[in-house]
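Asks: This is the structure I have questions about; it appears just below.
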Amino acid sequence: MKIGIVGATGEVGRTMIKVLEEFKIPVKKLRLFASKKSSGKTLIFNNTKIIIEELTENTMKEKYDFLLFSAGSNISKTFAPIAAKYGNIVIDNSSAFRMEEDIPLVVPEINGNIVKNYQGIIANPNCSTIQMVLSLYKVHEQFGIDEIFVSTYQAVSGAGHKAIAELQKQINGENITSVFPKPIAHNVIPLIGDTTTDGFTTEEHKMINETRKILNDYSINVYPTTVRVPVFYGHSESIVVKTKIPFNEISNVEKAIRKSKDVILKNEVITPIEIAGSDYVYVSRLRKIDETRFALWNVADNIRVGAATNAIRILMLKVGLL
Ligand SMILES: NC(=O)c1ccc[n+]([C@@H]2O[C@H](COP(=O)([O-])OP(=O)(O)OC[C@H]3O[C@@H](n4cnc5c(N)ncnc54)[C@H](OP(=O)(O)O)[C@@H]3O)[C@@H](O)[C@H]2O)c1
């Protein structure tokens, strides 16, 4: 297979290279693209140095089996349609196309069937949404989800390479604030994205809209509060769910979660530091409120489950490896 990664030097891009290697994807040719400043530098794939190229229109007009984009929304909006027009399948990590009606928004374990015979741009959902819907899709299939109240505890790596450096510098005592609106070291910031007219943020709207699109049910109400915490890798979520059909006993919810692919239900509490580098969503602290409401805590590696691994699983699904 010939694969191109756009945004190869970023947090998600580097992890996609690692996941391709770890999952032993049969890659014959790997091309790496980033901004002009990275051009000529190298990254290692399967013990081979690969020279990073500057992203240009012409490079996107070549034929690839897959192009994996993770260089932000603006780059995707400019270059992904060119690549698609030239017959390429693009798997895009940005939010650029997620809510476009004719673009599939895919979590392979849940709705992978919609891309079986599809060519063009495929959108990878938002990281917080992926781990939430993975925890809940089997519950939704069985009992129908009415409402989800969710507070996120999102790692700084979700905001990219510069954000990781900002937390590290603040921990080291430097007084710099550029990526985040307030100091993030030793602090918590209950605002991710921009505030919109209804008071919810753009990040919260992603969780609302993308959950409905992935689960293909626009009656689900989602009430998120997205919060940045001083954790390097791994998003956590405190979730309260109300179902349409009573589940009666919490053991019935437990059984549904245990049937969910790539989700592990644990009795002991799981924290982000323990699951960084894993490709599973970990659910713990599952508890009953009443016959139609339960609460849980989930954690997942935001760069892997929430971005790189999901993208590679889409690729694997397309070539029959999943
Ligand atoms: N981090 C996450 O948890 C996460 C999860 C889901 C989705 N995403 C999405 O994935 C994308 C990348 O996120 P990230 O965390 O990997 O960001 P990042 O660490 O800041 O990396 C950004 C990447 O984009 C490249 N880039 C920037 N400007 C460019 C240009 N003009 N031309 C070509 N490449 C350019 C950078 O190349 P240089 O190194 O050359 O500047 C770098 O490779 C974003 O759309 C983000 O929303 C991230």
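Conditions tested, residue by residue: (1) assigned to a loop (DSSP other than H, G, I, E, B); (2) surrounded by fewer than 19 Cβ atoms within 10 Å (Cβ to Cβ); (3) of a type outside the set (A, V, I, L, M, F, W, C); (4) at negative phi.
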{"site": "15", "(1), (2), (3), (4)": "no, no, yes, yes"}
{"site": "21", "(1), (2), (3), (4)": "no, yes, yes, yes"}
{"site": "37", "(1), (2), (3), (4)": "no, yes, yes, yes"}
{"site": "59", "(1), (2), (3), (4)": "no, yes, yes, yes"}
{"site": "84", "(1), (2), (3), (4)": "no, no, no, yes"}
{"site": "99", "(1), (2), (3), (4)": "yes, yes, no, yes"}
{"site": "102", "(1), (2), (3), (4)": "yes, yes, yes, yes"}
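Asks: Restricting to the range 1-13, what's the tally of residues that are in a helix (DSSP H, G or I) and either more than 7 Å from the ligand (Cβ to nearest atom) or of a type in the set (D, E, K, R) (or both)?
Replies: Within the range 1-13, residues that are in a helix (DSSP H, G or I) and either more than 7 Å from the ligand (Cβ to nearest atom) or of a type in the set (D, E, K, R) (or both) number 1.
Asks: Moving on to the next point. Any idea which residue in the range 271-297 is nearest to the ligand (Cβ to nearest atom), counting only those that are in a loop (DSSP other than H, G, I, E, B) and more than 28 Å from residue 244 (Cα to Cα)?
Replies: From the range 271-297, those in a loop (DSSP other than H, G, I, E, B) are 271, 276-280, 291-292; that's our starting set.
Applying the additional criterion that residues be more than 28 Å from residue 244 (Cα to Cα) yields 271, 276-279.
Numbers: 271: 18, 276: 12, 277: 14, 278: 14, 279: 14 Å.
Restricting to residues being in a loop (DSSP other than H, G, I, E, B) and more than 28 Å from residue 244 (Cα to Cα), the top hit is 276.
Asks: If I filter the range 138-169 down to residues being of a type in the set (Phe, Trp, Tyr) and more than 30 Å from residue 7 (Cα to Cα), which single residue comes out as surrounded by the fewest Cβ atoms within 10 Å (Cβ to Cβ)?
Replies: Here the residue is 149.
Asks: Can you name the residue in the range 241-260 that is in contact with a Lys or Arg (Cβ under 9 Å, 6 or more places away or on another chain) and charged (D, E, K, R) and, of all such residues, is farthest from residue 152 (Cα to Cα)?
Replies: The qualifying residue farthest from residue 152 (Cα to Cα) is 249.
Asks: Just the residues that are more than 21 Å from the chain's Cα centre (by Cα) and either among the β-branched types (Val, Ile, Thr) or within 8 Å of the ligand (Cβ to nearest atom) (or both), please, taken from the range 149-175.
Replies: Of everything in the range 149-175, just one residue is more than 21 Å from the chain's Cα centre (by Cα) and either among the β-branched types (Val, Ile, Thr) or within 8 Å of the ligand (Cβ to nearest atom) (or both), namely 171.
To keep it simple, each residue is scored yes or no on (1) part of a strand (DSSP E or B); (2) within 17 Å of the chain's Cα centre (by Cα).
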| position | (1), (2) |
| --- | --- |
| 256 | no, no |
| 299 | yes, yes |
| 307 | no, yes |
| 315 | no, yes |
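So that you can scan it fast, the table gives a plain yes or no per residue for (1) at pLDDT 95 or above; (2) closer than 22 Å to residue 304 by Cβ; (3) of a type in the set (Asp, Glu):
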site	(1), (2), (3)
16	yes, yes, no
19	yes, yes, no
33	yes, yes, no
41	yes, no, no
53	yes, no, yes
57	yes, no, yes
63	yes, no, no
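Asks: Condition first: under 16 Å from residue 3 (Cα atoms), without any contact (Cβ under 8 Å) to a residue 40 or more places away in the chain and in contact with a Ser or Thr (Cβ under 8 Å, 6 or more places away or on another chain). Now tell me which residues in the range 35-54 satisfy that.
Replies: 43, 49, 50, 51, 53, 54, listed by residue number.
Asks: Of the residues 48, 56, only one is more than 15 Å from the ligand (Cβ to nearest atom) and of a type in the set (Ser, Thr, Tyr); which?
Replies: 48
Asks: Are any of the residues in the range 202-209 without any contact (Cβ under 8 Å) to a residue 24 or more places away in the chain, touching a strand residue (DSSP E or B) at 6+ places or on another chain (Cβ under 6 Å) and exposed (fewer than 14 other Cβ atoms within 10 Å of the Cβ)?
Replies: Checked the range 202-209: no residue is without any contact (Cβ under 8 Å) to a residue 24 or more places away in the chain, touching a strand residue (DSSP E or B) at 6+ places or on another chain (Cβ under 6 Å) and exposed (fewer than 14 other Cβ atoms within 10 Å of the Cβ).
The values are calculated or read from the model by the stated rules, or taken from the named source; none is laboratory data. Given the structure is predicted, the values throughout are model-derived calculations rather than measurements. So basically every Cβ, Gly included, is an ideal-geometry build from the backbone, and we count neighbours across all protein chains shown.
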